[in-house]
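Colleague: Take a look at the following structure, please.
The values are calculated or read from the model by the stated rules, or taken from the named source; none is laboratory data. In this text, all values refer to a predicted model and were calculated from it rather than measured experimentally. Methodologically, a virtual Cβ is constructed for each residue, glycine included, from the backbone with ideal geometry; neighbour enumeration extends over all protein chains shown.
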């Protein structure tokens with residue numbers, strides 16, 4: 001029994017030994033295979049060190065990949081950055097033309113997966129792998145691809161392409177196989193980068209050679225220890241007439257007549273030599289005026305950078321000399337023209353700011369782009385106020401003119417025609433200014449009006465003069481007719497009055513007809529009073545003008561009204577501008593005007609009303625404003641305010657209003673009446689200085 005157990009144990013032991021020998025044999029074979037791979041990789045690296053082109057070396061890589069990893073297909077696809085696609089650059093073992101020409105999008109298929117993850121990938125069954133959805137599956141199927149691997153060809157952070165191997169039968173590639181393919185891809189990356197570096201270097205050399213030999217600029221390298229050039233491009237001879245060989249005995253500084261640095265002119269050459277040797281110059285720019293071999297003067301621009309050796313020590317500078325003679329001549333011309341423009345602009349600005357016109361630029365929507373200071377004389381607003389608040393312009397237009405002017409300006413902007421209009425502006429202080437506005441639309445590149453440039457002239461004086469002429473002529477005619485009419489009326493009126501008085505004196509007090517005769521005498525007396533007033537209006541008024549302070553005159557009038565008991569002066573609020581200059585007026589006649597206006601205001605106000613009288617100076621006039629509430633006054637009464645015998649003139653407030661207007665007109669002034677909000681009457685008297 002014991003012997004049988006020994007045979008069983010021995011059999012098991014033998015099986016274990018056989019398994020270990022088989023495992024070691026397998027490991028040995030794997031090691032031999034890995035060693036074979038490394039020998040092949042070594043041979044591949046050696047083969048690639050020869051003077052072969054990149055295409056030959058990449059072709060060698062794909063063929064060795066098939067050989068080392070025992071695969072049916074191998075190819076390298078490089079990345080086309082413009083089209084963002086992979087294209088097959090070199091391949092081995094491909095059967096179909098469609099697969100050979102197939103280009104794969106950056107984010108598609110196995111190549112896209114590898115490019116995104118920047119890591120190698122093993123595919124055991126291509127068509128069952130859900131990661132590899134691509135519209136090219138039909139082409140891949142026709143090629144017979146089943147299993148494969150792909151690794152990125154990359155250098156640092158840059159993906160250059162993808163290295164693939166495929167089998168047409170199902171193959172279980174190992175991690176070791178993937179690592180081997182990755183090593184081969186690294187050789188491919190080195191080869192691609194070598195080719196790119198060589199191409200870039202070749203292109204740079206060709207570009208430099210072309211620039212140095214064909215451009216009009218001169219490239220140089222200057223050593224600071226000897227201040228000599230160890231390189232000058234051939235263009236130097238064409239530029240200044242001296243060859244590079246001439247500068248072995250000639251110093252460039254001997255040709256320089258003047259040196260200009262940015263922001264500094266006429267710098268001595270010794271300063272530049274000293275600063276360069278002391279290493280104080282980094283990037284350097286300077287303009288040189290040099291004399292060429294033929295005696296011609298040229299401007300050259302020097303733009304250079306420091307030249308240092310491998311240890312970082314400053315050796316000299318590398319730079320470019322360019323002919324800027326035409327630029328300098330143009331620069332001088334620009335400076336001259338700029339000076340002329342500045343002078344012209346100063347003249348224009350002086351003209352615009354000092355001309356007695358409003359000069360403006362306005363957008364079609366009413367935004368003010370520019371306005372000169374004279375606008376304050378017309379509108380009462382400073383330019384800054386109108387620029388920051390454009391609606392002030394339109395808001396200052398007289399109510400009756402605003403819509404008409406807005407429509408005319410809109411039409412002018414639409415059809416591009418000149419805008420010419422005469423209208424009224426309400427000054428900030430309340431008085432009316434008559435203006436003529438002439439503006440020209442300025443179109444943009446599309447022919448649409450972008451702005452309007454215009455001038456606005458104050459024609460108040462002209463308008464007032466016209467009104468004065470018309471009024472004077474009218475008064476003259478009325479005076480002549482009134483005088484004739486008064487004469488014709490006076491004779492029968494005197495006769496009728498005389499007979500009525502004689503008749504009344506002979507009648508008995510108890511006579512029933514006596515009251516009728518008394519009524520006749522009363523009406524005749526009233527007609528005689530009206531006749532005397534008419535004669536007073538048409539009688540020529542002679543003024544005795546003298547310098548007078550209007551504030552003092554107003555206070556004197558209020559005192560006289562109070563003393564005579566013609567009104568409650570305590571209801572008057574007087575606000576005087578104490579800086580008013582004296583004005584040439586007839587103090588007696590103007591006092592008559594002020595008294596009449598004040599007495600009339602006191603008689604028309606309600607018992608609780610207050611009369612506000614304000615004096616002010618505005619430009620070439622002195623203004624006096626009366627503001628007070630009224631009860632019984634219609635718009636028609638306001639319109640005929642200065643006509644005699646109007647309905648609002650009651651028996652206890654008879655004042656000489658018509659004479660007020662006549663006397664103000666005689667003084668060259670203006671008197672205006674308005675009924676404002678809250679039934680407040682505003683009488684504005686303006687007298688010229």
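Colleague: Between 258, 223, which is surrounded by fewer than 18 Cβ atoms within 10 Å (Cβ to Cβ), under 25 Å from residue 313 (Cα atoms) and modelled with pLDDT of 85 or more? Outline the logic, then answer.
Modeller: Details: 258 fails: under 25 Å from residue 313 (Cα atoms).
None of the other options fit; the residue is 223.
Colleague: While we're looking at this one, here's another question. State whether one or more residues within segment 83-95 are touching a helix residue (DSSP H, G or I) at 6+ places or on another chain (Cβ under 7 Å), farther than 25 Å from residue 190 by Cα and surrounded by fewer than 14 Cβ atoms within 10 Å (Cβ to Cβ).
Modeller: The answer is yes, given that some residue of segment 83-95 is touching a helix residue (DSSP H, G or I) at 6+ places or on another chain (Cβ under 7 Å), farther than 25 Å from residue 190 by Cα and surrounded by fewer than 14 Cβ atoms within 10 Å (Cβ to Cβ).
Colleague: Residue check, residue 242 against (1) assigned to a loop (DSSP other than H, G, I, E, B); (2) closer than 18 Å to residue 283 by Cα, all met but one. Which one?
Modeller: Result: residue 242 passes all but (2).
Colleague: Count, please, the residues in segment 618-633 that happen to be under 16 Å from residue 657 (Cβ atoms) and more than 47 Å from the chain's Cα centre (by Cα). So that I can check it myself, show each step before the final result.
Modeller: Narrowing segment 618-633 to residues under 16 Å from residue 657 (Cβ atoms): 624, 626, 628, 630, 632-633.
Okay, now just the ones that are also more than 47 Å from the chain's Cα centre (by Cα), so 626, 628, 630, 632-633.
So the answer is 5.
Colleague: From 624, 574, which residue is crowded, with 17+ Cβ neighbours inside 10 Å, assigned by TED's automatic domain parsing to the domain that holds residue 670 and in contact with a helix residue (DSSP H, G or I) (Cβ under 8 Å, 6 or more places away or on another chain)? Write out each step before concluding.
Modeller: Values: 574 fails: crowded, with 17+ Cβ neighbours inside 10 Å.
Unique residue meeting the criteria: 624.
Colleague: A further question follows. Look through 368, 324 and report the one residue that is within 38 Å of the chain's Cα centre (by Cα) and within 30 Å of residue 461 (Cα to Cα). If you could, list the steps in order and put the result at the bottom.
Modeller: On the way: 324 fails: within 30 Å of residue 461 (Cα to Cα).
None of the other options fit; the residue is 368.
Colleague: Only residues that are in contact (Cβ under 8 Å) with a residue 40 or more places away in the chain, part of a helix (DSSP H, G or I) and farther than 16 Å from residue 622 by Cα: list them for segment 664-689, please.
Modeller: Result: 678, 679.
Colleague: Take the residues of segment 265-286 that are assigned to a strand (DSSP E or B) and modelled with pLDDT of 85 or more: which is nearest to the chain's Cα centre (by Cα)? If you could, list the steps in order and put the result at the bottom.
Modeller: Filtering segment 265-286 down to residues assigned to a strand (DSSP E or B) leaves 284-286.
Next, only the ones that are modelled with pLDDT of 85 or more stay: 285-286.
Details: 285: 34, 286: 35 Å.
Only one residue fits best here, namely 285.
Colleague: Identify the residue in segment 207-220 that is surrounded by 15 or more Cβ atoms within 10 Å (Cβ to Cβ) and outside any loop (DSSP other than H, G, I, E, B) and, among all such residues, is modelled with the lowest pLDDT.
Modeller: First, pick out the residues of segment 207-220 that are surrounded by 15 or more Cβ atoms within 10 Å (Cβ to Cβ): 212, 217-220.
Add one more test, that the residue is outside any loop (DSSP other than H, G, I, E, B), and what stays is 212, 218-220.
Numbers: 212: 59, 218: 87, 219: 87, 220: 89.
Of everything passing the filter in segment 207-220, 212 is modelled with the lowest pLDDT.
Colleague: Considering only segment 349-367, state which residues are closer than 14 Å to residue 450 by Cβ and surrounded by 14 or more Cβ atoms within 10 Å (Cβ to Cβ).
Modeller: Within segment 349-367, 361, 362, 363, 364 qualify.
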